[in-house]
Number of protein chains: 4
Amino acid sequence: MVSFENDYNTGAHPEILKKLAETNLEALSGYGTDAYCESARNKIREAVGLPDADVEFLVGGTQTNMVVISTMLGDTEGVVAAKTGHVSVHEAGAIEYTGHKVIELPSVNGKMVPADLRHYMEVFYSDETHEHMVFPGMVYLSWPTEFGTLYSKNELTEISAVCRKYGMKLFVDGARLGYGLMSPEADLTLPELAAIADVLYIGGTKVGALCGEAVVFRGGCRPKRFITSVKKRGALLAKGRLLGIQFDTLFTDDLYFRIGRHAIEMAERLKQIFEAHGIPRYIESPTNQQYVVLENKYMEKLREKVMFSFWEKIDDDHTAVRFVTSWSTTEEDLAWLDKVL
Amino acid sequence: MVSFENDYNTGAHPEILKKLAETNLEALSGYGTDAYCESARNKIREAVGLPDADVEFLVGGTQTNMVVISTMLGDTEGVVAAKTGHVSVHEAGAIEYTGHKVIELPSVNGKMVPADLRHYMEVFYSDETHEHMVFPGMVYLSWPTEFGTLYSKNELTEISAVCRKYGMKLFVDGARLGYGLMSPEADLTLPELAAIADVLYIGGTKVGALCGEAVVFRGGCRPKRFITSVKKRGALLAKGRLLGIQFDTLFTDDLYFRIGRHAIEMAERLKQIFEAHGIPRYIESPTNQQYVVLENKYMEKLREKVMFSFWEKIDDDHTAVRFVTSWSTTEEDLAWLDKVL
Amino acid sequence: MVSFENDYNTGAHPEILKKLAETNLEALSGYGTDAYCESARNKIREAVGLPDADVEFLVGGTQTNMVVISTMLGDTEGVVAAKTGHVSVHEAGAIEYTGHKVIELPSVNGKMVPADLRHYMEVFYSDETHEHMVFPGMVYLSWPTEFGTLYSKNELTEISAVCRKYGMKLFVDGARLGYGLMSPEADLTLPELAAIADVLYIGGTKVGALCGEAVVFRGGCRPKRFITSVKKRGALLAKGRLLGIQFDTLFTDDLYFRIGRHAIEMAERLKQIFEAHGIPRYIESPTNQQYVVLENKYMEKLREKVMFSFWEKIDDDHTAVRFVTSWSTTEEDLAWLDKVL
Amino acid sequence: MVSFENDYNTGAHPEILKKLAETNLEALSGYGTDAYCESARNKIREAVGLPDADVEFLVGGTQTNMVVISTMLGDTEGVVAAKTGHVSVHEAGAIEYTGHKVIELPSVNGKMVPADLRHYMEVFYSDETHEHMVFPGMVYLSWPTEFGTLYSKNELTEISAVCRKYGMKLFVDGARLGYGLMSPEADLTLPELAAIADVLYIGGTKVGALCGEAVVFRGGCRPKRFITSVKKRGALLAKGRLLGIQFDTLFTDDLYFRIGRHAIEMAERLKQIFEAHGIPRYIESPTNQQYVVLENKYMEKLREKVMFSFWEKIDDDHTAVRFVTSWSTTEEDLAWLDKVL
């Protein structure tokens, strides 16, 4: 069946599989010390425009958030995030498992509002009892967000200014970074984004890899003995080559950006198809996740012909649902959808 | 200087000090196994009307919340609390330190709204992705709350019904329990409260003891090998007698309730004094914590004559402040306040 | 360069890569709910002879040990392991990170001695202060061990008897299980081993997969809401297919056992080659890891022609080193070694 | 019954109780910010000869070990201790609960051997896989040890030299410090000991207080935002006065040392009594804990007349037992023992 369920429902981009097969018999050292990891690191440093950045590879998104946040926060610190952020809701308490609180701010279309962050910080430090509270030590935001929306360059700059004022780190979760960068509404480039963040991760799992996320620490930001901390969290992959080869391929001949562009084109077409069929949008999303409102009976019938995912109950008769494109979405998939809507 | 700063600014009720001195040279076994602990347990079981309850003594409030919550929750569970609950704000992340999320609900006058809890639970279990979320495993509420307010019997019954429906434990933080029970607005007795909760703690630190909280587990609710879990959290007192003797005294000749009644009387008088001076209340509190609004200049002058605590900035010219009574508040203290206001 | 460095230095067995490519465009559900995972689970249940076992897939060995141990232990419990066990030494404290102690017993050739375990348990429960100590809640052993050795069926039965007597779980780390089962010295089958353990894991990473370990819980032993616990530890793979397809392939046409047999044959040949060259063994290992003693100068020269790994310094002139075979070791590799020794 | 069971079986030294009563009605600020805490800090700084030390008060011994170790270690570090150290055995895994491993060294009469420590460190850093292991970040030792023995100044200097060489902190657990300092075998003073350690704690619970331990951080060693970290671990006492007043009293007119001297005198007499009765020692202890070997039948009869504690089974007919003196041991207690032996 044609599926728009999510952006991790198919395998890997064929160029990745090809490279894995070609290198399969090479004997390589483990744990991220092989030549492919090194090559991928160099290519990523170039792509983000930070020659002295440290690049490390991890397996999945929740794992990456957990490792980055828990190794960069001090003992008395928590991470500030929008109430709808992945770390706030959909990681089963992985951040708390490491002993740190997620301090939740209101969410507007999946984004925290810079003014809310500033206000939180002012109230915090003016509270005479703040020694008994969790110190905000980092701001977490996802770009694109869990609702497909994007912080503008202005918003990011404002958030970054608050972070600097109060000595907080700024961490950008780029699980779907490729789709954000290629969005028509993105008003900043990868190097511009990387220049604002203290640490960001470039998502592989949702952008064409079998698994893998690349963490980019601005020069000097990587925690001491990071590999040991990764190991301690059960997150160090023995065959680090699996991550190195995939990211080396993704950052060769702009594959990462080609995948992003393709999915965005497919998503724009998706919007047009929904519009043509008079199906209302639920959120204005400029990236590869599209949200529409369906009448329940219609939804049930549609589900027999195409896969998509439940998002939120709206009322007794209507449901918000999500359609997602990726590297593997085809013209045929769209044509089929157009036909069955 | 006369102080209404909080309810833990003086030592212990004199009857407690007397008993500590009388028993000082008796050689007793450690870690809560002495005869005074046993006697205190029996008196508390009688006071709460639960003959098969398990009673355990801990040193302080945050420690008690942390020990109770972390030993009663399952690995995948978090605790639901009002956004203003002590565990949510003023414990420096102690619950998260044990690996569990505090799931925050809106707070109205320091209380969670039963309907909000019910709604949260319905949405949680109807969300298809809830396996990726923290399961609500316990409800935490403070009685009285951090704002001096009290849940009514009806509200507690409604919350308890939601807990039973979804298999959640109900934990009542009674750091100031004595002041709640003696409040003119309390519409339930200690046995009635204990019958609703799965576990509650009877606060000693803020109700006349040097330190100490008594945890009451409804029969069958005490976690297995509880003493070892307490030790593991650095919370097992070697000279357990210090807790046993204090609670044995507090539950002899109704001392606990006499302390509560005295402080409530003093608080009622405090209200009258503020009213007589035309000082507006900030919150309607029926217990020993009273909140009023002061003009900043006036507040600064008052601070030279009497101690109270900052609560919240209201606007550039006004501040909400807190005055607290306790076992040690005297007629003279009130007379002085009346004079200097 | 020819490499005997370890059993995870090459990619995946070609049959696995082939299957990954064939299934690449299929849209599958995530997080281990796809049809390949289901098929793999069934094949594994059959291979271990436990129709009601629960089979779950994780990414790596340390992660698996951490997840299994921390979800199966109670709050007051620790895991007993040989001093040389992987969890004791080479996991950077991953078990302790979850809040549990590794209780170390003496190691003889990489194995705990059943009598030592029994003695430890007897002393523990006869110690009047044991409530202040970590309760032994599980026994961890690796089969084969980190030294390539194997517990006999008798030894395992004795250890299991102690576990049952004291209510401890028995966990078998089978990172190299395939090599143990095919060893000429193995005196039990996979179903016999699975019948003794409460939980065991079948290693993929070191036996031909790109990554992945399959945990087999005896019926009724899987922790409640296991998937949520996995997610909470950052260990849930989005594209669960990557694990399902690999294990489905490994347990099709006996591939797992064929890989094991091949590596064991190569290891036996390795022994003969060393013997022929008069190079002394360091430990008697019946599996795919072979340990020999080299003179330091000779070792340095050899390193220019073949890769192997440092094991232990013996004296100022001699070093113990490790040579490992795997699915990808070839006749040519052995011939080269024979030539350059 | 006369009791030599331990050094925490009676209440507090009468001078402490007197001071608690005298100050009882003073309104003081909470959490260790009162004038008595400040006075106690100054007196302790003087006693240890470190004008710029930071002194903080905690409630109990295990809590202190847990707080100090977990706030001073880095993420990848563990603490090295003798196998018989309190943190290794009798804290129910409190250190591991904070996510850190206790690395156990052999114990000789309760002490680690400096040469063993040096050897451990050399092997650790020469192991090529040490990035996958727990880094030794601190050495923990108790003075006196759990066996009543004392490290000599030479031994401490050697251990300290290893710590400096490898960048490890040295932490001295002084739960029974007063008894060590007054021992005839102590060959160093409190300032000399404090000059060797990076952090040490001066035990109150076992040296005359109701509860309380004073942590002395050498200048610059106190972890950032220490109070918040203490709160996070549930270890911050609301009525900090309870600790301040006790330590202020203990360090007034040499009370702490008078208590130590008295208990040591009683212990020396105890030794003579055992010798006179031909009862063999189990360990040579120069402090307030004395260990002797009793025939089991004799032991059972003695238990009806005097309290002491089980230490270890020796053989089927003999048991090692412990007799302990403290501030409250009297001439009459000794005379009684002499009579009933």
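The values are calculated or read from the model by the stated rules, or taken from the named source; none is laboratory data. Since the model is a prediction, treat every value here as computed from it, not as a measurement. Cβ atoms come from the backbone with ideal geometry, glycine included; neighbour counts cover every protein chain shown.
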Only one of (1) of a type outside the set (F, W, Y); (2) within 13 Å of C:I245 (Cβ to Cβ); (3) within 21 Å of the chain's Cα centre (by Cα); (4) more than 10 Å from chain A (Cβ to nearest Cβ) does not apply to C:E46, and that is (2)
Kindly indicate whether any position in segment C:193-204 is in contact (Cβ under 8 Å) with a residue 60 or more places away in the chain, buried (at least 24 other Cβ atoms within 10 Å of the Cβ) and within 14 Å of chain A (Cβ to nearest Cβ).
yes
Number of the exception - A:K232 against (1) without any contact (Cβ under 8 Å) to a residue 12 or more places away in the chain; (2) buried (at least 19 other Cβ atoms within 10 Å of the Cβ); (3) more than 20 Å from A:D54 (Cα to Cα):
(3)
Quick one: D:P280 ticks every box in (1) surrounded by fewer than 21 Cβ atoms within 10 Å (Cβ to Cβ); (2) touching a residue at least 40 places away in the same chain (Cβ under 8 Å) bar one, so which box is it?
(2)
Kindly provide the set of residues from segment C:106-148 that are under 27 Å from B:V230 (Cβ atoms), among the hydrophobic types (A, V, I, L, M, F, W, C) and away from chain D (no Cβ under 12 Å), ordered by number.
C:M121, C:M138, C:V139
Conditions (1) modelled with pLDDT of 95 or more; (2) farther than 24 Å from B:T76 by Cα; (3) surrounded by fewer than 18 Cβ atoms within 10 Å (Cβ to Cβ); number of the one not met by C:C221
(2)
Among the candidates D:A92, D:A81, residue that is buried (at least 17 other Cβ atoms within 10 Å of the Cβ) and out of contact with any strand residue (DSSP E or B) (no Cβ under 7 Å at 6 or more places or on another chain):
D:A92
Checked segment D:236-262 for anything in a loop (DSSP other than H, G, I, E, B), of a type in the set (D, E, K, R) and more than 14 Å from every other protein chain (Cβ to nearest Cβ); matches are D:D253, D:D254
So how many residues does segment B:296-315 have that are of a type in the set (S, T, Y) and either within 14 Å of chain A (Cβ to nearest Cβ) or touching a Leu at 6+ places or on another chain (Cβ under 8 Å) (or both)?
1
So, of the residues in segment D:49-87 that are of a type in the set (S, T, N, Q) and more than 14 Å from chain B (Cβ to nearest Cβ), which turns out to be farthest from D:V207 (Cα to Cα)?
D:T76
By residue number, the members of segment B:67-108 that are more than 25 Å from A:S70 (Cβ to Cβ), polar (S, T, N, Q) and in contact with an Asp or Glu (Cβ under 8 Å, 6 or more places away or on another chain) are B:T84
Scan segment B:122-135 and tell me whether some residue there is over 20 Å from A:E312 (Cα atoms), modelled with pLDDT of 95 or more and hydroxyl-bearing (S, T, Y).
no
Selection status of C:A320, in a helix (DSSP H, G or I) and touching a Phe, Trp or Tyr at 6+ places or on another chain (Cβ under 7 Å):
no
Is it true that D:E96 is at pLDDT 95 or above, under 21 Å from D:V207 (Cβ atoms) and either part of a loop (DSSP other than H, G, I, E, B) or within 14 Å of chain B (Cβ to nearest Cβ) (or both)?
no
Go through (1) buried (at least 19 other Cβ atoms within 10 Å of the Cβ); (2) not in a helix (DSSP H, G or I) and name the single condition A:Y36 misses.
(2)
Residues satisfying the stated conditions in segment A:209-235, i.e. part of a loop (DSSP other than H, G, I, E, B) and facing chain C (nearest Cβ under 7 Å):
A:L210, A:C211, A:R233, A:G234, A:A235
Which of the residues that make up segment C:1-43 are facing chain A (nearest Cβ under 9 Å) and of a type in the set (S, T, Y)?
C:S3, C:Y8, C:T10, C:T23, C:S29
Hey, C:M66 among the aliphatic types (A, V, I, L, M), assigned to a helix (DSSP H, G or I) and touching a Gly at 6+ places or on another chain (Cβ under 8 Å) or not:
yes
Residue list for segment A:178-197, restricted to those being over 10 Å from A:T287 (Cα atoms) and part of a helix (DSSP H, G or I):
A:L190, A:P191, A:E192, A:L193, A:A194, A:A195, A:I196
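Kindly check whether there is at least one residue in segment B:316-327 that is aromatic (F, W, Y), within 14 Å of chain D (Cβ to nearest Cβ) and under 20 Å from the mean Cα position of the chain (by Cα).
yes
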Cβ-Cβ below 7 Å, separation at least six or inter-chain, first residue in segment A:38-60 and in contact (Cβ under 8 Å) with a residue 12 or more places away in the chain and of a type in the set (G, A, S), second assigned to a loop (DSSP other than H, G, I, E, B) and surrounded by fewer than 18 Cβ atoms within 10 Å (Cβ to Cβ): which pairs?
A:A53/A:G219
Does segment A:16-24 contain at least one residue that is surrounded by 21 or more Cβ atoms within 10 Å (Cβ to Cβ) and of a type in the set (A, V, I, L, M)?
yes
Answer yes or no as to whether D:D316 is at pLDDT below 95 and not aromatic (F, W, Y).
yes
